[in-house]
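What follows is a short report on a single structure.
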Amino acid sequence: MVLIYPLCMTELTKKNWYIHGHKSDIAFIILCPLIALVIVALICEPRDGNYIYSNMTPIWFTVAASVLTHAHVLLVFARSHLNVTVFKRYKYRFTVIPLLLLIAMWVSPIVFGLMGIIGVYWDEWHSLMQTFGFGRIYDGKKGNDPLAGRKLDMGMAFVVGLLPNIILLTYLPDTQVNGALVEYLEMPIMVVKQHGWLITSARIPLILLGVGYTLFYIYSYNKLIKNGYQYSKAKFALFAVTGVTTILISCFYTIADGVFFGNIYHALQYIYIVYASEKSNLTEIAVKKEEAGIRLEKKDHRIGILIFFLLIIPMIFIFAGLRQVTQKMEYVAAFWLLTSLMHFWFDGFIWSVRRQDIKLN
């Protein structure tokens with residue numbers, strides 16, 4: 001990572017490469033995985049014989065990471081329900097469909113269980129797509145075709161964000177494989193007992209997949225660059241930092257600590273991007289429409305910033321704490337699961353709206 005900084009400084013000091021701000025983008029998007037790694041390294045002990053969970057990881061840290069995760073999930077509603085433009089465009093998706101899904105989970109335990117399994121895997125995909133999305137935005141800032149290299153970046157987001165964690169599973173001692181697959185991948189216990197041994201044999205193919213795809217990615221982008229594609233060094237830095245830190249976590253820490261690491265940087269990045277995209281909208285909520293344009297310019301969104309940090313952020317953490325202590329209650333648990341599913345779903349199409357409607361910087 002030391003080599004990444006000077007390599008990218010030429011571009012990162014130029015105006016308008018960033019999503020919201022020069023220094024803030026570097027800290028809260030590009031280097032955010034490094035910040036999460038430092039937090040884990042300062043608080044958690046490197047793994048010993050137990051690859052799944054370390055008893056040396058403080059309980060308070062486990063709870064804090066969980067609350068942070070729950071809080072960022074709830075923050076999506078500042079983008080969906082508090083933004084009038086977006087809400088009017090998708091009002092039935094934001095109201096009727098969530099209500100129907102909640103009722104279905106309350107009525108049918110099968111639906112509830114199925115949604116829980118979907119939520120586990122959707123969570124992983126959603127996290128990868130956040131890294132992917134930032135990379136595409138940075139590339140778009142260079143004036144590139146939004147479709148060029150899209151699938152390549154999607155694959156690289158998987159390689160740098162999740163593949164090292166999957167490879168870690170292949171190093172689990174035989175006595176820990178079954179528990180890890182059942183607990184963290186929600187796999188049926190009978191399937192794990194019969195076929196869990198196959199995971200060790202996947203180690204070399206998975207490593208070759210990561211190395212091979214990285215080489216293929218570089219080769220493919222070199223071809224695009226020769227045809228005029230302007231590859232963003234900000235995207236390169238983001239992918240590189242994410243990949244290096246994920247590999248380090250997988251090499252030295254437990255699966256649980258790796259989950260905390262991923263949740264921390266994902267949540268911090270998300271809080272930052274919602275702040276960047278919604279502060280002007282929050283100001284307009286507090287200010288009369290005819291005055292909003294003038295006051296936004298004069299006060300530099302200070303009203304929206306105050307609303308975000310003094311009202312929205314405290315509220316989501318209060319509700320996140322409430323979720324932490326009530327998420328095992330049957331009917332309440334269905335509601336909290338619904339908020340997670342809606343977070344994954346809403347975010348996927350809100351961004352497509354925002355690329356047309358709002359400039360972040």
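The values are calculated or read from the model by the stated rules, or taken from the named source; none is laboratory data. Here the structure is a predicted model, which is why all the values come from computation and not from measurement. Methodologically, a virtual Cβ is constructed for each residue, glycine included, from the backbone with ideal geometry; neighbour enumeration extends over all protein chains shown. Surface accessibility is based on the protein's heavy atoms, side chains included, excluding ligands, DNA and RNA. Shrake-Rupley method; radii C 1.70, N 1.55, O 1.52, S 1.80 Å.
From the list 228, 243, 149, 196, which one is over 29 Å from residue 114 (Cβ atoms), crowded, with 16+ Cβ neighbours inside 10 Å and modelled with pLDDT under 95? Answer to the check: 149. Taking each residue of the range 301-321 that is closer than 9 Å to residue 71 by Cα and looking for partners that are in a helix (DSSP H, G or I) with beta-carbon atoms closer than 6 Å, six or more apart or interchain, yields 316/71; 316/74; 317/71; 319/74; 320/67; 320/70; 320/71; 321/67. Taking the stated definitions as given, is residue 25 within 18 Å of residue 252 (Cα to Cα) and not aliphatic (A, V, I, L, M)? For residue 25, the condition - within 18 Å of residue 252 (Cα to Cα) and not aliphatic (A, V, I, L, M) - is not met. Which residues, counting only those in the range 254-287, are aliphatic (A, V, I, L, M) and closer than 16 Å to residue 316 by Cα? Once the filter is applied, which keeps residues that are aliphatic (A, V, I, L, M) and closer than 16 Å to residue 316 by Cα, the range 254-287 yields 264, 267, 268, 271, 273, 274, 282.
Kindly indicate which of 290, 330 is open to solvent by 70 Å² or more (accessible area, probe 1.4 Å) and modelled with pLDDT under 70. Lay out the reasoning, then the answer.
On the way: 330 fails: modelled with pLDDT under 70.
It is 290.
Residues in the range 255-266 that are among the polar types (S, T, N, Q) and surrounded by 24 or more Cβ atoms within 10 Å (Cβ to Cβ): there are none.
Consider only pairs whose beta carbons are under 6 Å apart and that are at least six residues apart or on different chains; among these, list those whose first residue lies in the range 120-135 and is closer than 17 Å to residue 66 by Cα and whose second residue is open to solvent by 40 Å² or more (accessible area, probe 1.4 Å). These pairs meet every condition: 120/186. In the range 107-132, of all residues being of a type in the set (Gly, Ala, Ser) and surrounded by fewer than 19 Cβ atoms within 10 Å (Cβ to Cβ), the one that is farthest from residue 340 (Cα to Cα) corresponds to 108.
Taking the criterion of being within 21 Å of the chain's Cα centre (by Cα) and of a type in the set (Lys, Arg), the only residue of the range 67-106 that qualifies is 79.
Within the range 145-163, the set of residues being within 11 Å of residue 217 (Cα to Cα) and out of contact with any Phe, Trp or Tyr (no Cβ under 9 Å at 6 or more places or on another chain) comprises just one member, 151.
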